Amino acid sequence: MLKPNYTQYQKDTHLLKNVIVLVDTREQENEHITAYFDRKKIEWRKQKLGFGDYTLLLKANPDFGIMHDVILDYAVERKASLEELSGNISLDRNRFESELWRANKNMALVIENNSIDNIVMHNYLTKYNEQSFLASIFTFMHRYALAPIFTSKENVGKIIFMILFYRMRDELK
């Protein structure tokens, strides 16, 4: 990632207004997220990603010495429900863990419409044992520096963009 010495004003007013959210081509049922990007006039496009569902692209800006587009080496993996997450962990664990490994500790996990309490109380519609579910989440937290972020469906677009925006902002320090 670039390590230029820009002022915070330059980053906030020019560079970071020159980003595109990249949405993985395999991401499904995300119209509420892309609708948020459209409402907020955040440019986005579909593109196959190496890991995760969302990342940022900083467009080339020769005025700032950025001669080519730069893709953030960080992504957000979104799960629409605890049922989806429990299926990924219990039925498709190798694929899911392989994606976490490829991310190399550069991924956030966002889960819609739930909380850790719903796992503890088994308020989800799969038979996956809540103790095993929690053990897997905590193992992934430690093994892959993955902290789950729970949010509502209404706020998920904003949360995804903020995670990526502030990561890019930090990378430009």
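Structure values in brief
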| quantity | calculated |
| --- | --- |
| Order of Trp44, Trp101 - criterion: other Cβ atoms within 10 Å of each residue's Cβ, fewest first | Trp101, Trp44 |
| Counting DSSP beta bridges with both ends in the chain, the antiparallel % (nearest 5) | 45 percent |
| Value at 222 nm in deg cm²/dmol, rounded to 500, when DSSP H runs of n ≥ 4 in the chain each add -39,500 (n - 2.57) | -12000 deg cm²/dmol |
| Under-5 Å amide H pairs with Phe150, H placed in peptide plane, nonlocal only | Ile111 |
| Sequence-distant lysines (8 or more away, or on other chains) whose Cα lies within less than 20 Å of Lys127 | Lys79 |
| Stokes-Einstein D (µm²/s) once Rh is taken as the Kirkwood radius of the chain over alpha-carbon pairs, at 37 °C in 0.692 mPa s | 193 µm²/s |
| For the stretch 94-173: rounded, prolate or oblate by the Cα gyration tensor [a/c cutoff 1.5] | oblate |
| FRET E, pair Met67, Trp101, Förster distance 25 Å, beta-carbon r, rounded to 0.05 | 0.20 |
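Values in this text are rule-based calculations from the coordinates and carry no lab data. It should be emphasised that the depicted structure is a prediction, and the values quoted were computed from it without experimental measurement. All Cβ positions, glycine included, derive from the backbone under ideal geometry; neighbour counts span all protein chains shown.
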